[in-house]
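Enquirer: Attaching a single structure in structure tokens format; questions to follow.
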Amino acid sequence: MDSVLQRLPQGARVAIIRLRSMGDCILTTPALAILKQSRPDLEISVVVEDRFAPLFAGNPDVAAALPPERMVLRNWRPALTVNLHGGGTSAMLTFASGAKIRAGYAHFRYSFLYNVKIPTAQQILAVNRRVHTAEHIASAMFYLGAARVEIPRAHLFASPTPIGGQYAVIHPFASERGKTWPAKRFCEVAKAMERSDLQPVFVGGAGDDLAPFRAWRTMDNPPLSKLMSLISGAALFAGNDSGPAHMAAAFGVPVVVVFGNSDSRIWAPWRTPSEILSAEGGIRSVTVAQVVAALERLRVRV
């Protein structure tokens, strides 16, 4: 029996729904590369919120980034729509796309709207373990008929960095308290970096308080294009489990991540030199000495 991809006509349009967040969008790019490698003729769009659309700018695998609006998607006329998001909004977008083939994970809500139901990544990959998010997303492409290949690093594209010299990006924030290492400890790490002539640059998003880090260079809520440019030229990234950590991994920057209540097996930096630090007592049990030792293991002299 022909696979879904084999049934698509030459030059068909494929819509991939991936509304948010930063990390999820970044970790979708390996799957897009796999899909495009398997069928170079396909025209692929990503349906994504405007604030995350810059993550796909310059990506040769992506023909268009579409807003999550039903008529915009329907007018794009995809032959295949794949829902990688899983919520009710994305399910309705999938149905409203008008695509003849509508695919989504069988365990998603509203799966009755799909005429292709994708099994779990464990079933597709024939493994009995927790899988990384990049594996989870790429497995959908394999199920649809893409050639089984090694899942590549995420793909992001940025202009040259605006900062000269050796510097490290530190992102001391996270989406919740249980994922956030204390600010004072990040300051101690920054001091250790300075002793090795590595300039720390602290970055934060909307609503983040960079006041504790004003002794160093800071970048407050930069546009994603500027953040990518900064991170792409860094010698090192240090921070909590967050979207910018995945951004650094996509550029092959060595990454030190302090994990709290999230699962590093699912959210670890993908395919870059990295050190993951966690403790049974919670994120505050991770010490400055442990982070500095991780930097040394990554051959960053501190």
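Enquirer: Can you tell me how many residues within region 263-288 are in contact with a helix residue (DSSP H, G or I) (Cβ under 6 Å, 6 or more places away or on another chain), over 15 Å from Ala154 (Cβ atoms) and surrounded by 16 or more Cβ atoms within 10 Å (Cβ to Cβ)?
Expert: 4
Enquirer: Hey, another quick one. Taking region 181-200 as the search range and keeping residues that are touching a helix residue (DSSP H, G or I) at 6+ places or on another chain (Cβ under 7 Å) and not in a helix (DSSP H, G or I), which one is farthest from Ser21 (Cα to Cα)?
Expert: Step by step, filter region 181-200, then rank; the result is Pro200.
Enquirer: Looking only at region 246-295, count every residue that is assigned to a strand (DSSP E or B) and either among the charged types (D, E, K, R) or touching a residue at least 40 places away in the same chain (Cβ under 8 Å) (or both) and tell me the total.
Expert: Of region 246-295, the ones assigned to a strand (DSSP E or B) are 255-258, 274-277.
Narrowing further to those that are either among the charged types (D, E, K, R) or touching a residue at least 40 places away in the same chain (Cβ under 8 Å) (or both): 256, 258, 275.
Final tally of qualifying residues: 3.
Enquirer: Residues of region 43-64 being under 22 Å from Gly11 (Cβ atoms), of a type in the set (A, V, I, L, M, F, W, C) and surrounded by fewer than 20 Cβ atoms within 10 Å (Cβ to Cβ), which ones?
Expert: Ala63, Ala64
Enquirer: Being surrounded by fewer than 16 Cβ atoms within 10 Å (Cβ to Cβ) and at negative phi: is that true of Val127 here?
Expert: Details: surrounded by fewer than 16 Cβ atoms within 10 Å (Cβ to Cβ): yes; at negative phi: yes.
Against the criterion (surrounded by fewer than 16 Cβ atoms within 10 Å (Cβ to Cβ) and at negative phi), Val127 qualifies.
Enquirer: Looking for something at pLDDT 95 or above, in a loop (DSSP other than H, G, I, E, B) and among the acidic types (Asp, Glu) - is there at least one such residue anywhere in region 143-155? Reasoning before the result, please.
Expert: Taking region 143-155 and keeping what is at pLDDT 95 or above, we get 143-155.
Keeping just the survivors that are in a loop (DSSP other than H, G, I, E, B) gives 145-155.
Filter again for among the acidic types (Asp, Glu), leaving 150.
Yes; the residues of region 143-155 include at least one that is at pLDDT 95 or above, in a loop (DSSP other than H, G, I, E, B) and among the acidic types (Asp, Glu).
Enquirer: Let me ask something else. So Phe173 fits all but one of (1) in contact with a Pro (Cβ under 8 Å, 6 or more places away or on another chain); (2) touching a residue at least 24 places away in the same chain (Cβ under 8 Å); what number is the exception?
Expert: Against the list (1) in contact with a Pro (Cβ under 8 Å, 6 or more places away or on another chain); (2) touching a residue at least 24 places away in the same chain (Cβ under 8 Å), Phe173 comes up short only on (1).
Residue by residue, here is whether (1) surrounded by fewer than 21 Cβ atoms within 10 Å (Cβ to Cβ); (2) on the phi < 0 side of the Ramachandran plot; (3) modelled with pLDDT of 95 or more holds:
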residue: Trp181; (1), (2), (3): no, yes, yes
residue: Ala192; (1), (2), (3): yes, yes, yes
residue: Ser196; (1), (2), (3): yes, yes, no
residue: Val203; (1), (2), (3): no, yes, yes
residue: Asp208; (1), (2), (3): yes, yes, yes
residue: Ser225; (1), (2), (3): yes, yes, yes
residue: Met228; (1), (2), (3): no, yes, yes
residue: Ala249; (1), (2), (3): no, yes, yes
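Enquirer: So which strands (runs of 3 or more DSSP E) stay within region 1-117 end to end and still have 2 or more residues that are free of Cβ contacts under 8 Å to residues at least 40 places away in the same chain?
Expert: Where strands (runs of 3 or more DSSP E) fall fully within region 1-117 and carry at least 2 residues being free of Cβ contacts under 8 Å to residues at least 40 places away in the same chain, they are 43-47, 64-66, 101-105.
The values are calculated or read from the model by the stated rules, or taken from the named source; none is laboratory data. In this text the structure is predicted, and so the values were computed from the model without any measurement. Note that we place each Cβ from the backbone using ideal geometry, even for glycine, and neighbour counts take in every protein chain shown.
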